[in-house]
Amino acid sequence: MAETDKARADEARAAVVEAALGRLELDAKARLLAGQDMWTLPALPEIGLKSLVMSDGPIGVRGVRWTADDPSVALPSPTALAATWDPALARRAGVLLAQEARRKGVHVLLAPTVNLHRSPLGGRHFEAYSEDPYLTGEIGSGYVTGVQSGGVGTTVKHFVANDAETDRFTVNNLVSERALRELYLAPFEAIVANAHPWGIMTAYNQVNGTTMTEHHHLVNEVLRGEWGFDGFNVSDWMAARDTVGDIEGGLDVAMPGPRTVYGAALAQAVRDGRVAEATVDAAVRRVLRLAARVGILDGAEPVVTEPPASVDGEALAREIARRSFVLVRNENSALPLKAGTVALIGAAARDARVLGGGSATVFPARIVSPLDGLTAALPEGTLTYAVGADPATELAVADQGFSLRAVCRDADGTVIGTRSAPNGLIQWMGSDLPEGVTHDTLHTVELTGTFTPRESGPHTFGVKGVGAFTLTVDGTTYYDDVQRPDKDDPFEAFFGAPVPRAQAELTAGEPVEVSLTQVVQLPDDIPMKVVTFALAHSAPQRDPDELIAEAVEAARGADTAVVMVATTDRVESEGFDRTDLRLPGRQDELVRAVAAANPNTVVIVNSGSPVELPWRDEVAAVLLTWFPGQEGGAALADVLTGAHEPGGRLPTTWGSLTDAPVTQVVPADGELPYTEGVFIGYRAWEQAGRTPSYPFGHGLGYTDWAYESLETDGTTARVRLRNTGQRPGREVVQVYVSPAEPDTERPAHRLAGFAGAEAGPGESVEVTVELPRRTFEVWDDTAKAWAFVKGSYEITAARSISDHRLTATINV
Ligand code: BGC
């Protein structure tokens, strides 16, 4: 749409919003600013406003139901999307997500997460993009533009400095204004400027003594004032804690509901004279503007009247996955695979970990595991499989072999409703209850059905959740007691670990009856009603030494050994940070044993964020595949067979925890000082003079590139490069800028820009990379302004932060 048409449409919407606002009473206004349940705002029929629906985010759209019977396309993890270094691909991901949102009746996607990889220990590292604010801003801008082009809003989150999970509700992050501006605020600023998000989500944590939902300076003065953000500000779930502080701090919507600090409490604060009604009006105006944009306010034309053409979700998930895989090592061109036999090894090769845990969870309709993908792609009879080592140290949600349904009863034991249960997880939020059931009548939920084991032996069953449970397997009641939370995180029932409660000797192929009943007891002080628990299970454990020996035998007999190593959801998830970067279980030992038996060992790493790879120089190739989404196994087959090259470059430095310069994520006395200032990620590794395992920006393809020329004038860098290999390829040309005179205040290098270049064998191609003014600026804490630092700079065209190809010096 032309700019003038856009301005006219904005004006027309603004007029409808003003008229609607004028017709609202104070109570209705205050009600609109509070969640009516876990995911929605109330409808206000008196002004023709429908209920606004929000949903997580970021790799898929879960919808208002947290269950596997409402499936969603699951894209690769945000770290993977960033590893593509391709904002246009992020945009296409966004278009698909808007399509998914529309399919599920969702108006606002609670994404993207643009906090930074300050420390590799951060529990939600997999859910954020990068350690670099520029790359984060570019990928985030593409994503937001894509989602909103489909008429669906976004909430860029979590504003700001929510870079770790320990004590996330209360931690006071002490961050200098300069580090905030140059690092943590920078992606938000870029996305506001480039993509005009319709929403932002304020974080749980404090920054410099003020809770982010109440941060007048950062929200009202910086975000809205300086940057001109005109969207709505929603609290992270349960982050709003003070009626007056929140509304004065620029928070528009308190989620979830119905119990919040807004609603009746806000109306009362206005009546008591503690809050000006105009302040409430400003918040309501922003919510109505959002409603108008997404098309749920009568009389207002939505921003998007014709959604973009339909996208094939499976195909896009597969394309993003293979474009995100980072080949960090490939000795003697071990990949792509040569003809011959392959021994595939690793628990994750069969039960792939395709996405990260926590609120980012979605339930894909199908998952292509590496075993499925390679079985389909390799000639029959050339592939064998062995578990090798199982990193899962605990029970998983009952799935494979279970046939279950949920039966709801009232206090008299009368059945009042039933619902199918595709797996052992029950998660019913707000009014999402089986037909005929209400929170008032619901007394117990029984998950009941049969389990047909794959293997004979002792099977373990467990219970995840908080409250009174009864667990019966094959006629024996093993547990009849109360499980209590062991942390005071209100999300413990969601993210806590299952507890083993029964062990039963079972025979392969012989079904047994299983039943788990919860007495539903919802505390009065929670903001929303949620029925949540899970039946968990693990198959008989085999002797770990035997598993490794079996894998070694398989590897010895094959032309290539492909070992898949992985983290588990007890290692990487929302709600806690990591304490080390090691692969869980005996996986390191497994890789070493296999590599000793077969020099042609290729290791596939299935983790959302960096892990230590102590054997990395003992194997032929290492391919990082992140959490690759539902089509991960198909994408892996594409890359291993050479049908496509792996396209990823590291969006974050991979190194050992001992060498990592910034590791502090645990607050002391409630405070977490960001003492490193502007030195995180590669900036910090360079400052410390340490060499990581794999540097920022690193990644190999299946062809070679020669960088032929670099021309620059301080505003652009033109780079000519040639594909000197045997097959077509795509290169990510990275441009770094460094002050020519060493300067302890400023990072030695800074990513200024990048561009993708595609060329056939022997062909040359030229890319132009813009050098934003910000590249030469620093935040001056005293002047409270950006300062352009004149002088001499080196402009470097590079394949990674430590693989420089061409350098030119300029004066600006
Ligand atoms: C997370 C948010 C998420 C929200 C709703 C919170 O725990 O921090 O990222 O959007 O829950 O699920």
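The values are calculated or read from the model by the stated rules, or taken from the named source; none is laboratory data. Keep in mind the model is a prediction, meaning the values are calculated, not measured. Cβ sites come from the backbone with ideal geometry, for glycine too, and all protein chains shown count toward neighbours. All accessible areas refer to the heavy atoms of the entire protein, side chains included, with ligands and DNA or RNA removed. Shrake-Rupley method; radii C 1.70, N 1.55, O 1.52, S 1.80 Å.
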Q. Just how far, in whole angstrom, is the range 567-646 from the range 306-363 if you go by their alpha carbon centroids?
A. 11 Å
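Indicate, rounded to the nearest 5 percent, the antiparallel portion of the DSSP beta bridges found entirely in the range 3-294. Don't skip to the end; give the middle numbers.
Working: 4 of 19 bridges.
That works out to approximately 20 percent antiparallel.
From the convex hull of the Cα coordinates of the chain, what is the mean projected area in square nanometres? Could you put the intermediate results ahead of the total?
On the way: hull surface 137.9 nm².
Orientation-averaged projected area of the Cα hull: 34.5 nm².
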**Q.** Rounded to 5, percent antiparallel among DSSP beta bridges of the chain
**A.** 75 percent
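E766 to R103: extension gain in nm, 0.36 nm per residue of separation minus the Cα-Cα distance? Each step should come with its number before you reach the end.
Working: separation 663, 0.36 × 663 = 238.68 nm, distance 4.10 nm.
Separation in residues times 0.36 nm, less the Cα-Cα distance, equals 234.6 nm.
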Q: Using only the alpha carbons, work out the radius of gyration and Dmax of the range 533-615 in angstrom.
A: 14.7, 46
Q: Find how many whole Å separate the alpha carbon centroid of the range 732-784 from the alpha carbon centroid of the range 2-55.
A: 42 Å
Q) Could the peptides 148-160, 285-297 be put in order, highest first, of the mean number of other beta-carbon atoms found within 10 Å of their residues? A) 148-160, 285-297
Q: Compute the FRET efficiency between R542 and T166 as 1/(1 + (r/R0)^6), taking r as their Cβ-Cβ distance and R0 = 22 Å, and round to the nearest 0.05.
A: 0.05
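Considering only lysines 8 or more places apart in sequence, or on different chains, count the pairs in the chain whose C-alpha atoms sit under 21 Å apart.
Values: K29/K50; K50/K104; K464/K487; K464/K529; K487/K529.
Final tally of qualifying lysine pairs is 5.
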Q: Show me 550-560, 90-100 ranked by packing, highest mean number of other Cβ atoms within 10 Å first.
A: 90-100, 550-560
Q) For R405 and A264, FRET efficiency with R0 = 45 Å and r from the beta-carbon atoms, rounded to 0.05? A) 0.70
Q: Calculate the tail of P(r) for the range 173-220: the fraction of all Cα-Cα distances greater than 16 Å, expressed in %.
A: 43 percent
**Q.** Length released on extending from K784 to T279, taking residue separation times 0.36 nm less the Cα-Cα span
**A.** 179.1 nm
Q. Per Stokes-Einstein, at 10 °C and 1.306 mPa s, what whole-number D in µm² s⁻¹ belongs to the range 396-538, with the Kirkwood radius over Cα pairs as the hydrodynamic radius?
A. 103 µm²/s
Q: Evaluate the relative contact order of the chain (contact order divided by residue number), counting alpha-carbon pairs under 8 angstrom at least 6 apart; express in whole percent.
A: 16 percent
Q: Return the FRET efficiency for the residue pair H216, A19: r is the Cβ-Cβ distance, R0 is 35 Å, and the value is rounded to the nearest 0.05.
A: 0.75
Q) Across the range 3-294, how large is the tail of the calculated P(r) beyond 23 Å, expressed as a percent of all Cα pairs? A) 52 percent
Q) When all protein chains stay in place, what accessible area (Å², nearest 10, 1.4 Å probe) is found for R730? A) 40 Å²
Q) Based on the mean of other beta carbon atoms within 10 Å per residue, what is the order of 420-431, 765-776, most packed first? A) 420-431, 765-776
Q) Residue separation times 0.36 nm, minus the C-alpha to C-alpha distance between A309 and H443: what's the value? A) 43.6 nm
Q) Per-residue accessible area for D412 at 1.4 Å probe radius, Å² rounded to 10? A) 130 Å²
Q | Spatial extent of the range 608-736: Rg and Dmax, with the Cα atoms as the point set, Å | A | 18.4, 59
(Q) If you wrap a convex hull around the alpha carbons of the range 682-812, what volume per residue comes out, as a whole number of Å³? (A) 97 Å³
**Q.** Spatial separation of Cα centroids for the range 227-277 and the range 374-403, in angstrom
**A.** 48 Å
Q.
Along the Cα→Cβ direction, 7 angstrom out, place labels at L522 and A508. What is the inter-label distance in nm?
A. 4.5 nm
**Q.** Cα Rg, Dmax, the range 130-191, angstrom units
**A.** 13.1, 38
